[in-house]
Every structure is written in C-alpha cells, then in structure tokens.
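Heads up: the structure comes next, in structure tokens.
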Amino acid sequence: MSHLSSPSEWVAPLVPLLSLAVLPLGPLFFPKAYLGLLFVYFTLFLYTQANHVCKFWITSRKIQATIRKWNAKQPRYKSTHTIYEEGVSENEIEMEMALQSHLPFHYSYAFIVPNYCEPEGLLRDTIERIASHSHASTHYYILLAMEASEPDYQEKGRRLQQHFEGRFAHFIVTGHPCNIPGESRGKGSNVAYAARFGCKELVERGVDKSRVILTVTDADSAIPELYVHEVEEALVRSDDPYCLLLAPPIFFSRNCFHVPAAVRVTDITWSAMVMSNLSNSCGMSFPCSTYSLSMALAERVDYWDTDADAVGEDMHMWLKCFFKTNGKVRTAPIYVPINLTNVQADGYFSNVNARYVQAKRHYNGVADVAYTLKSAFATLGQSEGPYLEQEEGSFLDLASASANFTSLAWDDKLRVCFLILEAHMIPATSGWLMFAAVPLMQFLLFPPFHTLAFVDPSQNPVLTSELFGQLWSMVRIVSLLLPFPLFATLAIYEHLHRTIDHEFLQKKESRRWRHLLDYTMLPVAAWLFMTLPSTLACVKRLLKREERYIVAKKFFEETLA
C-alpha cells in the first residue's frame, strides 16, 4: 500500500465508494446532511451540464463555419465527381489546385501513428489519407510506432514503408521494446519511444527541429488536410507557438451503422463531451486521441511519461506540459473533426464486450487525478532553461514569452483540479446518485407499507421540518431536470452529424430520423460504458495492479469513409 502514502492517491478510490455507501446510509443516519449534499451535487451537476451544452453549441457552430470556409476555397467543382461548372476548364482547375499546393508552410509535420496488432489495411488507409495532402511529399514525416512484441512487426513496417516510398519527406519505422523497467505498456509508452527515436533520427537527417510539429494520432484516425492547414494558421497567429497544444474534436462516422446502438450512442456522447471541452475560454481543454505540439515543447518537458500513472496519454501529456511550464501551456482548439471508427467485433454481445473493455482502458486515466493534485499543490520553482539553444534574434529568441516562466497562479491550479475532478469523478458518481439517490430515499423515508418503515416518522426531517420538506421537494424537482441538458446536447449533435457527413465527408448516407431510437439505449450505455468501468477504475487504484495491454478490436473495409 506504499503507493497510497500521498493523500491525493486516496481521492479517486474514496469518492465512488463513499457515493455508494451514502445511498442507503444517508437517509437512515444523517438525512438532513444527506439532503443538503444531494441538493448541492444535483444543482452543481445541472449547472455544469448546462454550461457544457452552451460550449458544445459554440463548438458546433465553429466546426460548421470552418468546414464552410474551407469548402468555399476549394476548386470550383461540385463534388468528388468530375463535374465542372459551366465555363470552367479542367486546366483552370488544375492550375488552381497547383497554386494551393504551393502555398508556403512555416512548419513541417511529423505524424506519430502508434499501433499494436492493428489490421495492415487500416494502417495503410490511415497513412494514405495523410499522403493525399498537398504538402505530404515535402513537409510531412511519418513515424510509424510499432510494438516489438507484435509478431513480424518489422516486416509489416517494411511493407508499409515501401508502399509509401516517395510520398513523404521521411518515413521512419520504430519498434518499441517490451519489458522496459518501470514502464507500463500502452499507447503512451509507444508514442514516447517513437517520438524520442524519431525526433533524433529526423535531426540527424538535417531537419530543423524548431520547425517540427508532432501530431499524435490513432491507427484509425482519418486526418483531413484541413486539420493541418488550421494547425498551421493557429501556430502562425500565436505569439508563442511553443506553448501551444493543438486539439481537434473527434467524430465517429466511418462504421457507426455497423455497431450496436449502445456502442453508437456511447461514442456520440463521448464525441459531444470532447467537443464541448474545446470551447473553454481559459484555454484549458484536454485533447483526446489526436493532438499536435511542437518538438520544442516535447523536448522541453522530456517527452511523454511512460509509467502506470500516464496510461491516459493524451490528457496526461497536456497536464505534464501545463505543470512543467508553470501553467504557460494552453490549448488551441482546431475545429476540424477527426473521423474515427467505432469498436467493432463479430456478434452483438462480442461488440458490446469489446466496447466495455475499451471503456475500462479509457477510465484507467483516472490516475491523472492524483498526478494533478500532487502537481498543483507541490512547490513549483522557476522553469529550468530555454526550450532550445538558439542565437539571439533567432526564431526561438529567448526574449520571447517562453523564455521566463512565473510561478503557477493559484486560480489556474484550482481550475485545472476542478476540470480533472469533473472529468473523472462525475462519471464514477453521477450514475449511482442520479438513478438511485431519490428513489432509494423515497423508499426508506416513505415506504409503501408501514411495516417496512426504517425511520420513525417523528425522526423524519422531511415531515418534521418545513425547511427540509421544501429542500426535499427541490431535490426531486432538480433531479427531474438533470436529463434536459443531455437532450439539448443530442439535438445539437444530430444536426452537426448530418452537416459533417454531407458537407465535409461528402457522404450520401448519414443519420436519419429512425436513428433517434438509438437513444433508448442511453440508460444501459451510461451505466455499462461509463458508471461501471469508471467506478472500477477508481477502486482499482487501491491495488495499483498492472493492466493487460488490450487493443480494441476494429474491422476495416475499403469502403470506410
């Protein structure tokens, strides 16, 4: 139990355990305090969810505006088919596309593609989408992050390298060794190894590391060219691009109609949460799945952590960058959806189980609760040294804002702690309290038969106190209002999904009215893929047991968009 020596390590396991314990014990032993607790929890939850709806609406509007702005700049043809406007020749269109492809890029982009036993066709498709970008052959580098424990990984990497020969400026294959002491297997450790090895190799090949932007992605991420253009613009506009972590929204449309409704709605709500998170006015938005940062920033914080507490590699890397720079790092939202695949397996129950396994892995990121609390309330000194050794007046002039860091402000500490606790503790408690607290208290304090009475009426504060009687009524009213922010979120999402499918992905098939029936599975999906795995992940922090490295099963078909 030595890993529980810090008080911060107890927060994650105790919160869900106490929320479960208080369900029957609160009404029986301290009903007044319990009523107050429920009122505060439900009111705060309702406020945060209403706030998320507003932020999600803002994000959805910005995504649509970004897509339409991009479409307006495209060559003048109507669709993916060769149908040209009257009076516009094919040569004119080719000239326009050539001009676009030669627009200057200030940065080069290294895409880290971690994978373990992924279908080779899926990897080829993912990299092919990147290779189709206008500047791929001159400004793009692929760091294909293989696991040495995968059988024949070298041959697989070599085949992919040969397939894309000449399509990228550099194509580097790395093999992450297994059983490195102190390291936990997973995406984070693979990314860390690929970044260190790949960045060193690029520098040895003469690449200017001050101009390299690392983009971490997944094996199934369809990265559009618009994403890179938006990243480029955000970096050029920024006063200090080396203190930015750039994060896009995630979107599930590639195989969404081939998975059970429970899996589909789970990923819809997951996507909506990520999108609402991006419209954080303080720049404290956590990346998910795909994100970009400069090689300079990665070197500054000593790359990705690889221990068991860094299993949620995307959120953890943001936190590490934030604390290592004393709060200087902020998120730049990139309003370009990254299309992912839903977990898919043979058979209904196999698919549901595969999504549950994926959810368990995702919620193991609860380790970031302890990391955040320890980092926030530790004594933080001045940052050590510059990002890169450069001559005065160079692109990384040390007179810039990134040269000197002040200590981390207390309001930023508290804000980050709140965001982390909201991200991990709400899933582990809301399912129990929202669904069971009011019905169970109703049963214990007002049983249907007098013989089942657990509390003497003379000791029932709801009956003996006008104040607590009114508080009980308010708790029940607020509990009825709790689902409405979710309904608003889903309404916004339905419109956004169709817009992305039709205007950005140019898909003929999208969600229809009949797919609204998917949401009847929300109660089951919320409990099975959120409440249960998040609670288990929290409680397992008491044991600190190493988890098996299991990759969610994904099918691949050439027709996936």
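The values are calculated or read from the model by the stated rules, or taken from the named source; none is laboratory data. All values reported here derive from a predicted model rather than from experimental measurement. FYI the Cβ positions are ideal-geometry reconstructions off the backbone, even for glycines, and counts take in every protein chain you see. Only protein heavy atoms, including side chains, enter the accessible area calculation; ligands, DNA and RNA are left aside. Shrake-Rupley method; radii C 1.70, N 1.55, O 1.52, S 1.80 Å.
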>> Could you compute how fast the chain diffuses translationally, taking Rh as the Kirkwood radius over C-alpha pairs and applying Stokes-Einstein at 37 °C with viscosity 0.692 mPa s? Give it in µm² per second.
In response: 129 µm²/s
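Give, as a single signed number, the net charge of other residues whose beta carbon lies under 14 Å from the beta carbon of residue 288, with Lys and Arg counted +1 and Asp and Glu -1. Provide the component values of the computation, followed by the final result.
Numbers: positive: 187, 361; negative: 218, 220, 267, 313, 314, 368.
Here the charged neighbours net out to -4.
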>> I'd like the trypsin sites (Lys or Arg not before Pro) in region 304-351 restricted to DSSP loop residues with at most 11 other Cβ atoms within 10 Å, sorted by number.
In response: none
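Taking the Cβ of residue 365 as the center, what net charge do the other residues with Cβ under 10 Å away carry, scoring Lys and Arg +1 and Asp and Glu -1?
Values: positive: 361; negative: 309, 313, 314, 368.
Combined, the nearby Lys, Arg, Asp and Glu give -3.
If packing is taken as the mean number of other Cβ atoms within 10 Å per residue, what is the order of 10-18, 513-521, 117-125, highest first? List each step's numbers first, then the result.
Numbers: 10-18: 18.8, 513-521: 13.1, 117-125: 17.1.
Highest to lowest by the protection proxy: 10-18, 117-125, 513-521.
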> When the Cα centres of region 311-336 and region 440-473 are compared, how far apart do they sit, in Å?
Replying inline: 48 Å
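Of 328/374; 328/540; 69/413; 62/209; 73/320; 200/413, which pairs sit farther than 29 Å apart, going by alpha carbon to alpha carbon?
Values: 328/374 18 Å; 328/540 33 Å; 69/413 37 Å; 62/209 32 Å; 73/320 38 Å; 200/413 34 Å.
Flagged as over cut-off: 328/540; 69/413; 62/209; 73/320; 200/413.
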>> Between 0 and 90 degrees, rounded to the nearest ten: what's the tilt of helix 410-432 against the longest Cα principal axis of the chain?
In response: 60 degrees
> Cα centroids of region 1-55 and region 205-270: how far apart, whole angstrom?
Replying inline: 34 Å
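If you count, for each residue, the other Cβ atoms within 10 Å and average over each peptide, how do 188-197, 342-351 line up from highest to lowest?
Working: 188-197: 23.6, 342-351: 16.9.
Taking the mean over residues of other Cβ atoms within 10 Å, the ranking is 188-197, 342-351.
I need to check one value: relative contact order of region 282-328, counting alpha carbon pairs closer than 8 Å and at least 6 residues apart, in percent. It would help to have the intermediate numbers written out before the result.
On the way: 23 pairs, mean separation 20.4, N = 47.
Once divided by the residue count of region 282-328, the mean separation gives 43 percent.
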> Got the relative contact order for region 132-188 handy, in percent, Cα pairs under 8 Å and 6 or more residues apart?
Replying inline: 45 percent
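Looking at region 153-188, which GluC sites (Glu not before Pro) are in a loop (DSSP not H, G, I, E or B) and have at most 14 other Cβ atoms within 10 Å? Walk me through the numbers before you get to the answer.
On the way: sites: 155, 165, 183; in loops: 165, 183.
Taking region 153-188 and a limit of 14 other Cβ atoms within 10 Å, the loop GluC sites (Glu not before Pro) found are 165.
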>> Just to be sure I understand the curve: with the Debye formula and one point per C-alpha of region 409-526, what is log10 I(q)/I(0) at q = 0.12, 0.13, 0.20 Å⁻¹?
In response: -0.75, -0.83, -1.15
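Give me the net charge for the shell around residue 498: Cβ to Cβ below 11 angstrom, other residues only, Lys and Arg +1, Asp and Glu -1.
Working: positive: 507, 511, 512; negative: 494, 501, 503, 509.
So the surrounding residues net to -1.
Explain nothing, just the number: relative contact order of the chain, from Cα pairs under 8 Å at least 6 residues apart, as a whole percent. Display every interim value, and only then the final one.
Details: 834 pairs, mean separation 130.8, N = 561.
It rounds to 23 percent for the chain.
What accessible area per residue, rounded to a whole number of Å², is obtained for the chain using a probe radius of 1.4 Å?
Working: 25500 Å² over 561 residues.
Computed with neighbouring chains in place, this is 45 Å² per residue.
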>> Could you order the peptides 484-490, 465-471, 257-263 from most to least packed, using the average number of other C-beta atoms within 10 Å per residue?
In response: 257-263, 484-490, 465-471
> Over the chain, what percent of the accessible surface lies on carbon and sulfur atoms, probe 1.4 Å?
Replying inline: 59 percent
